[in-house]
1. Could you please tell me which pairs satisfy a Cβ distance under 8 Å, a separation of 6+ or placement on different chains, a first residue in the range 27-49 that is basic (Lys, Arg), and a second residue that is part of a loop (DSSP other than H, G, I, E, B)?
2. Filter the range 21-52 down to the residues that are among the charged types (D, E, K, R) and within 22 Å of residue 83 (Cβ to Cβ), then identify the one that is surrounded by the most Cβ atoms within 10 Å (Cβ to Cβ).
3. Take residue 4 and decide whether it is in contact with a helix residue (DSSP H, G or I) (Cβ under 8 Å, 6 or more places away or on another chain) and either in a loop (DSSP other than H, G, I, E, B) or open to solvent by 70 Å² or more (accessible area, probe 1.4 Å) (or both).
4. Take residue 93 and decide whether it is in contact (Cβ under 8 Å) with a residue 24 or more places away in the chain and not hydrophobic (A, V, I, L, M, F, W, C).
5. Just the residues that are small (Gly, Ala, Ser), open to solvent by 50 Å² or more (accessible area, probe 1.4 Å) and not in a helix (DSSP H, G or I), please, taken from the range 145-179.
6. Suppose the filter is closer than 30 Å to residue 157 by Cβ, open to solvent by 50 Å² or more (accessible area, probe 1.4 Å), of a type outside the set (Gly, Ala, Ser) and touching a strand residue (DSSP E or B) at 6+ places or on another chain (Cβ under 9 Å); does residue 85 pass it?
7. Which pairs turn up if I take residues in the range 103-132 that are under 13 Å from residue 149 (Cα atoms) and part of a strand (DSSP E or B) and look for partners that are open to solvent by 80 Å² or more (accessible area, probe 1.4 Å) and hydroxyl-bearing (Ser, Thr, Tyr) with beta carbon separation below 6 Å, at least 6 apart in sequence or on another chain?
8. Which residue out of 18, 55, 101 is closer than 30 Å to residue 153 by Cα and exposed (fewer than 14 other Cβ atoms within 10 Å of the Cβ)?
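The values are calculated or read from the model by the stated rules, or taken from the named source; none is laboratory data. Fair warning: this is a prediction, and the values are worked out from it, not measured in the lab. All Cβ positions, even for glycine, are placed from backbone atoms using ideal geometry, and neighbour counts span all protein chains on display. The accessibility values were calculated without ligands, DNA or RNA, using every heavy atom of the protein model including side chains. Shrake-Rupley method; radii C 1.70, N 1.55, O 1.52, S 1.80 Å.
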Amino acid sequence: MSRIGKKPIPLPAKVAVKINGDQIEVKGPAGTLVREIHPEVTVRVEGNTVVVERKNSERVARAVHGLTRTLVENMVAGTQKPFEKTLEITGVGYRAELVGKVLKLQLGLSHEVLHPIPDTVVCKVDKQVTVLLSSPNKELHGQTAAEIRSYRPAEPYKGKGIKYLGEKIRRKEGKTGAG
């Protein structure tokens, strides 16, 4: 049995969970999230905890048991306090600007990169070189941050590009003169 899957998920006071057939809805102060539940597992609310159980011991059921529990736990945590990620932009002339729900990036390319921000993700740009992302949906939040970073990942020679706050870029030494 999955060690992670059999742990009950504690519910904070301000978070409510509602199960409608094969959907789970989590409401909290930071927002509302809805997700489909895999047919091989069942989710139920017992008092102030959520319990995820598998229907049988087949391989698929064992595989999604811990995954479903973790996804539900992330929904509960995200609706209580949104997940946050910070991206840093390094490089001469590299900058970001928020225009409505579109992030406009200038990254040394021949064109500006326009990245649409999903509705549940809140984006803020600070001093044109720091992008702050927050969302109750951990999956969508991380995917958005990864897509923005993928336009120009930090390179190892000068460190130019987009990196996560606190990410260490292993630097390389450049060419030396032949001698």
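1. Pairs that qualify, where the first residue is basic (Lys, Arg) and the partner is part of a loop (DSSP other than H, G, I, E, B), are 27/15.
2. Residues of the range 21-52 that are among the charged types (D, E, K, R), as a first pass: 22, 25, 27, 35-36, 40, 44, 46.
Among the residues that remain, those that are also within 22 Å of residue 83 (Cβ to Cβ) are: 25, 27, 35-36.
Details: 25: 15, 27: 15, 35: 18, 36: 9.
It comes out as 35.
3. Yes: the conditions hold for residue 4.
4. Details: in contact (Cβ under 8 Å) with a residue 24 or more places away in the chain: no; not hydrophobic (A, V, I, L, M, F, W, C): yes.
Spelling it out, it is not the case that residue 93 is in contact (Cβ under 8 Å) with a residue 24 or more places away in the chain and not hydrophobic (A, V, I, L, M, F, W, C).
5. First, the residues of the range 145-179 that are small (Gly, Ala, Ser): 145-146, 150, 154, 159, 161, 166, 174, 177-179.
Subsequent filtering for residues that are open to solvent by 50 Å² or more (accessible area, probe 1.4 Å) retains 150, 166, 177-179.
Matches in the range 145-179: 166, 177, 178, 179.
6. Numbers: closer than 30 Å to residue 157 by Cβ: yes; open to solvent by 50 Å² or more (accessible area, probe 1.4 Å): yes; of a type outside the set (Gly, Ala, Ser): yes; touching a strand residue (DSSP E or B) at 6+ places or on another chain (Cβ under 9 Å): yes.
In short, yes.
7. 113/151
8. Details: 18 fails: closer than 30 Å to residue 153 by Cα; 55 fails: closer than 30 Å to residue 153 by Cα.
Residue meeting the stated conditions: 101.
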